[in-house]
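Enquirer: Pasting a structure here, questions to come.
FYI, it's all coordinate maths here, none of it is from the lab. As the structure is a prediction and not an experimental result, all values here were calculated from the model. Note: ideal-geometry Cβ built from the backbone for every residue, glycine included; neighbour counts use all protein chains shown.
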Amino acid sequence: MGVNLQILGLQAIPRLAKKFDVDLEGFSTYSDLYGKTAEEFNKAYGNCEKILNRLFKKHSISWWDVYLNSDIGMERTALARDIGLEKDDTVLEVGCGRGYFSVAAAKFAERVIGLDIMNGRGRNGWWKNFKETIAELDLEHKVMGLKVDCQTISMKDCSVNKVIAAHSIRNFQNKQVIQNAIREMHRVLSEDGEMIVAENIPVARNKSQEAHLAFYKCKCKYSSGDRFYFSQKEFQEMFKEAELGEVNFKLADYNLSAAPPIFYLNTSLLKKEQIEKAQKEYNDVVDLIGKHGETSPPTLIIRVTKHSK
């Protein structure tokens, strides 16, 4: 199934089950899987698929129901609404990944172009997942994928009126790549168009956000493919150096598990002297999530308007 069953399904099933009075005895939610083994993950995924198939057949739910009842879907939809997408917008999404925000943007905008290079560690098959997701949600007439480096976007100057990077830009290779991407995003932006970058920042307003940050820091330290959140000050400096003119910053706090930092600690990848310390840190942050839950920290929404000269 193209829509990311492992995350969206595990998040949405408890809400859908409550709505349709479905028995979930023995069901593991996504938050239950922190600290579990790969085998336990696979068992939960298999159970999730069985329950979803039952909901599809018996209650005629769709993948739109799954998406809109997941924390990820709710957060991306709220973000698209807060950004102010309109029905005649053409949106270029830079760093589209599996397409979570592309789907939300398509609910509001006329057309969405999801751009990504998909060459990072652990991203094999993501384009296939993106395309299948768009097909299953019947969005092929509105959403297309473009495999292009964000530093050399193969589009004409001033060609789209909304250019958005949602929860993606921090994982670009380094700050220089981010600045190059920002300048390219600005180049393809139409006159009077708007560029928006949305990223979580390392600020906690409650215990579940503290737990998220602690676990994500552990993930960044002991696995690969993730970069910890930039602060608002760092973003301000990056955009100042990019010299794009007036930049506006606003915080939004959705308090949903919109970017789950879940991973299981693979000690075989660590040096012997690291294992004991890493295992303790991992167990401590798993306990934090078990006690307080896990929700994503506030999102910094950065806006740049390209005024006509």
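Enquirer: State, as an integer percentage, the relative contact order of the stretch 5-67 based on alpha-carbon contacts under 8 Å between residues 6 or more apart. Spell out each step's value before the answer.
Expert: On the way: 40 pairs, mean separation 31.4, N = 63.
Once normalised by length, the contact order is 50 percent.
Enquirer: Against the longest alpha carbon principal axis of the chain, how many degrees, from 0 to 90 and to the nearest 10, is the axis of helix 232-242 turned?
Expert: Once rounded, the angle reads 30 degrees.
Enquirer: Just tell me which lysines come within less than 23 Å, Cα to Cα, of K57; anything on the same chain fewer than 8 places away is out.
Expert: K18, K19, K43
Enquirer: Another question, if that's okay. Which whole-Hz ³J(HN,Hα) couplings does the stretch 103-118 yield from phi under the Karplus relation 6.51 cos²θ - 1.76 cosθ + 1.60, θ = phi - 60°, glycine and proline marked x?
Expert: Those phi angles translate into 4, 5, 4, 5, 5, 10, 9, 6, 8, 10, 10, x, 10, 6, 9, 6 Hz.
Enquirer: So what's the angle, to the nearest 10 degrees on a 0 to 90 scale, between helix 38-59 and the longest Cα principal axis of the chain?
Expert: Helix 38-59 and the main axis of the chain meet at about 80 degrees.
Enquirer: Report, in whole Å, the centroid distance computed from the Cα atoms of the stretch 213-234 and the stretch 6-50.
Expert: 26 Å
Enquirer: What are the ³J(HN,Hα) values, in whole Hz, obtained from phi via the Karplus relation 6.51 cos²θ - 1.76 cosθ + 1.60 with θ = phi - 60°, for each residue of the stretch 165-181 in sequence order, with x given for Gly and Pro?
Expert: Taking θ as phi minus 60°, the curve returns 10, 10, 6, 9, 5, 5, 8, 5, 3, 6, 5, 5, 5, 4, 5, 4, 5 Hz for the stretch 165-181.
Enquirer: While we're looking at this one, here's another question. Where Rh denotes the Kirkwood radius from the mean inverse Cα pair distance, what is Rg over Rh for the stretch 5-67?
Expert: Working: Rg = 11.2 Å, Rh = 11.8 Å.
Taking Rg over the Kirkwood Rh, I get 0.95.
Enquirer: With θ set to phi - 60°, apply the Karplus curve 6.51 cos²θ - 1.76 cosθ + 1.60 along the stretch 128-142 and write out the HN-Hα couplings as whole Hz, x wherever there is a Gly or Pro.
Expert: Couplings: 4, 5, 4, 5, 5, 4, 4, 5, 5, 8, 6, 10, 4, 7, 10 Hz.
Enquirer: Here is a further query. How much of the DSSP bridge set in the chain is antiparallel, in percent, rounded to the nearest 5?
Expert: 40 percent
Enquirer: Something else about it: What is the set of long-range amide H partners of V112 at a cut-off below 5 Å, with H atoms built 1.01 Å from backbone N?
Expert: V91, V143, M144
Enquirer: Still on this structure, please answer the following. Give the order of H212, H59 when sorted by the count of other beta carbons within 10 angstrom, beginning with the fewest.
Expert: The fewest-first ordering by Cβ neighbours comes to H59, H212.
Enquirer: Quote the relative contact order of the stretch 75-123 in percent (integer), defining contacts as alpha-carbon pairs under 8 Å separated by 6+ residues. Write down the numbers at each step before the final one.
Expert: Working: 64 pairs, mean separation 20.3, N = 49.
Over the stretch 75-123, the number comes to 41 percent.
Enquirer: So what is the relative contact order for the stretch 70-306, in percent, with contacts set as C-alpha pairs under 8 Å and at least six apart?
Expert: 22 percent
Enquirer: Quick check: convex hull of the Cα atoms in the stretch 231-309, volume per residue, rounded to a whole Å³? If you can, show how the numbers build up before the last one.
Expert: Numbers: hull volume 12.3 nm³, N = 79.
In the stretch 231-309, the Cα convex hull volume per residue is 156 Å³.
Enquirer: Here's a follow-up. Name the residues whose placed amide hydrogens come within less than 5 Å of the amide hydrogen of N161, ignoring near sequence neighbours (fewer than 5 apart) on the same chain.
Expert: Counting only residues 5 or more places away or on other chains, the set is T90, S190.
Enquirer: Hey, another quick one. Need the list of aspartates and glutamates near K128 for cross-linking: C-alpha distance under 13 angstrom, and skip anything on the same chain fewer than eight residues off.
Expert: Reachable aspartates and glutamates: D116, E136.
Enquirer: Taking the beta-carbon count within 10 Å as an exposure proxy, list C158, C48 from fewest neighbours to most. Show your work: numbers first, answer last.
Expert: Details: C158 14, C48 23.
Taking fewest neighbouring Cβ atoms as first place, the list is C158, C48.
Enquirer: For the stretch 160-296, what's the radius of gyration and Dmax over Cα atoms, in angstrom?
Expert: 17.6, 56
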